[in-house]
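First, the structure itself, so that you have it in front of you.
Since every read-out is calculated from the coordinates, none of them should be taken as a lab result. On a predicted model such as this, the values are computed, not experimentally measured, just so you know. Using ideal geometry, Cβ is built from the backbone for each residue, glycine included, and neighbour counts are taken over all protein chains shown.
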Amino acid sequence: MKFSDDFYKKMGLKNNTLGSVFNNSLINNNMTKSLMQLSKLNQNLQKINSCKFISPVKIPIPKIPNPRLQDAMIEEREKIKDLIAEVATHQERANCLYNRLLQNPHSSFLLSVSIIISIFLIITCISIPLLIIPTDTYITIDSIPNILLENLFSIKGLFILISTLLICSIFIVFLIKNNSMKFSKEDLEKLKNITMSENYSIFLKNYVENTKET
Amino acid sequence: MLDWNVFYSSLAQSTAAFLGLLGAFIITKIVNNEQQYNESKVTIEEYLIIANNLRERLKNRSFDWYNERTKESVLDKFEEDSYKNKTILYEAPEEIYDKYSFSRFDNKQEILKCIETKQKKILRGNNEI
C-alpha cells in the first residue's frame, strides 16, 4: 500500500513503502502514535489481517538474572561433581578387584594337579610296594594282581589299606577345598555391575552417553 | 643279586618322605588361599555397600531441578542470541546442543526436542513461519 510523500512527511515516517517501515526493528512512541493515526485515516487498514502491517516486530525483553538461583545452581553443580569424582574412584577400584577375581587366583590349578599326583604316588609307590614285601623272587607284572589280592586279605593288607584310604581322603578333602574357592557367577555379576558408572544413576548414564559422543 | 625287599622298602620310605614335604606345602598353601578367599569375599561385600551408599547419595542430589534450571537459562540465552543472529534459528538442534552448554545429565533427545520447539516458537513470534 503506497501513500503520497506529503502524507509520509506529516506522519514523520522516513520510508515510502509502508511494509518496510513496519518491519523496522526500531519502534518508538512516534511510530505507535503513527499507527493509530494511520488506522483512523484509512479504514481499510483495520480490516487487513496480515500481521506484517499492523503488529510491530517482537523485541527482546531483557531478563534480570537471579543471582540467588545462579549461586544455588553453582553449589549444586559442585556437589554433583564431587559425587561423580567419588563414583569414578570407586568404580575404578571395583574394576581392579573384578579383573583380579575373574582369574580365580585362590583356586590354583597347580595345587589340584599336585594333589592328584600325590594320591597316585601314595597308591603306586607306597601302598603297593608295602603290600608286596617280603618277597624272595622277582615279581613280574602279570603276577602283581594275584600277589596283591593274596596280601590284601591279611592283617598287613588291612593296615596298609586303612592308612592309604585315610591319607588319600585327607588329600581329596584339600582337593575339593581348592576347587571350591571360586567366586560364584552372581557375586562376579554384582561386582561387574558396580564397575560401570551408568549403573549408579540414570543421570550418570545420560552423562556418560553425552560425554562419550564428544 | 638285588634284594627286592630292600628295594621296595626304600622306594616306599623315600616316596613317603617326599610326599610328606609336598603335603605340608600343599596344606599350608591351601589354608592361606582360604584365608585370602574369605577376605576377598568380605571386600566384595564392602564394595557393594559403598556402591549402594553412593547410589543413595546420588538420589538425594537435585538432578531434575538442576537440569530444568540449566535448560531454561540456556534456552533464554539462545533466544537472546537469536535476536542478534537469526541464522541460529535455522541451524540443526544437534549443532545448537553442541554450541551451548546444556546440562550433560539431561536426556539429549528431550533437549533436542526443546531446542526445536523453541526455534519454532521464536520464528512464529517473528512471523517468519
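Check each of the chymotrypsin sites (Phe, Trp or Tyr not before Pro) in segment A:115-214 and keep only those in coil by DSSP with at most 12 other C-beta atoms within 10 angstrom; list them in order. Each step should come with its number before you reach the end.
Numbers: sites: A:PHE120, A:TYR138, A:PHE153, A:PHE159, A:PHE171, A:PHE174, A:PHE183, A:TYR200, A:PHE203, A:TYR207; in loops: A:TYR138, A:PHE153, A:PHE183, A:TYR200.
Those that pass, being in a loop and sparsely packed, are A:TYR138, A:PHE153.
Here is a follow-up. Nearest 10 degrees, 0 to 90: what angle lies between the long axis of helix B:4-60 and the longest principal axis of chain B (Cα atoms)?
Helix B:4-60 sits roughly 20 degrees off the main axis of chain B.
Can you give the calculated 222 nm mean residue ellipticity of chain B, where each DSSP H run of n ≥ 4 adds -39,500 (n - 2.57) and the sum is split over every residue, rounded to the nearest 500 deg cm²/dmol?
On the way: 4 runs with 104 residues, N = 129.
Computed ellipticity for chain B at 222 nm equals -28500 deg cm²/dmol.
Let me ask something else. Please work out the FRET efficiency for the pair A:ASN66 and B:ARG55, using the Cβ-Cβ distance as r and a Förster radius of 35 Å; give the result to the nearest 0.05. Display every interim value, and only then the final one.
Working: r = 32 Å, r/R0 = 0.91.
With a Förster radius of 35 Å, E is 0.65.
Separate question: Give the angle, between 0 and 90 degrees and rounded to the nearest 10, that separates the Cα long axis of helix B:63-84 from the longest principal axis of the Cα atoms of chain B.
Helix B:63-84 and the main axis of chain B meet at about 40 degrees.
Select from B:PHE102, B:PHE25, B:PHE63 the residue whose mean-square fluctuation is largest in a Gaussian network model of chain B (Cα-Cα springs shorter than 10 Å).
Maximum among the listed residues: B:PHE25.
Any idea how far apart B:LYS120 and A:ILE116 come out in nm if each label point goes 7 Å out from Cα toward Cβ?
That separation, rounded to one decimal, is 7.0 nm.
Would you mind computing, in nm to one decimal, how far apart the modelled labels at B:LEU22 and B:LYS41 are, each placed 7 Å from Cα along Cα→Cβ?
Modelled inter-label distance: 3.0 nm.
For segment B:63-125, what is the number of Lys pairs with C-alpha distance below 12 angstrom, counting only pairs 8 or more positions apart or on separate chains?
Numbers: B:LYS71/B:LYS108; B:LYS71/B:LYS113; B:LYS71/B:LYS118; B:LYS77/B:LYS99; B:LYS77/B:LYS118.
Qualifying lysine pairs in segment B:63-125: 5.
To the nearest Å, what is the center-to-center distance of segment B:46-111 and segment A:169-209, using C-alpha atoms only?
Going from one Cα centre to the other spans 34 Å.
With r as the distance between the Cβ atoms of B:SER62 and B:SER101 and R0 = 25 Å, compute the FRET efficiency 1/(1 + (r/R0)^6) and round to 0.05. Each step should come with its number before you reach the end.
On the way: r = 19 Å, r/R0 = 0.74.
E(calc), rounded to 0.05, equals 0.85.
While we're here: Take peptide A:203-210, look around each residue's Cβ out to 10 angstrom, count Cβ atoms belonging to other protein chains, and average those counts.
On the way: counts 12, 6, 2, 10, 5, 1, 3, 9.
Rounded to a whole number, the mean comes out at 6.
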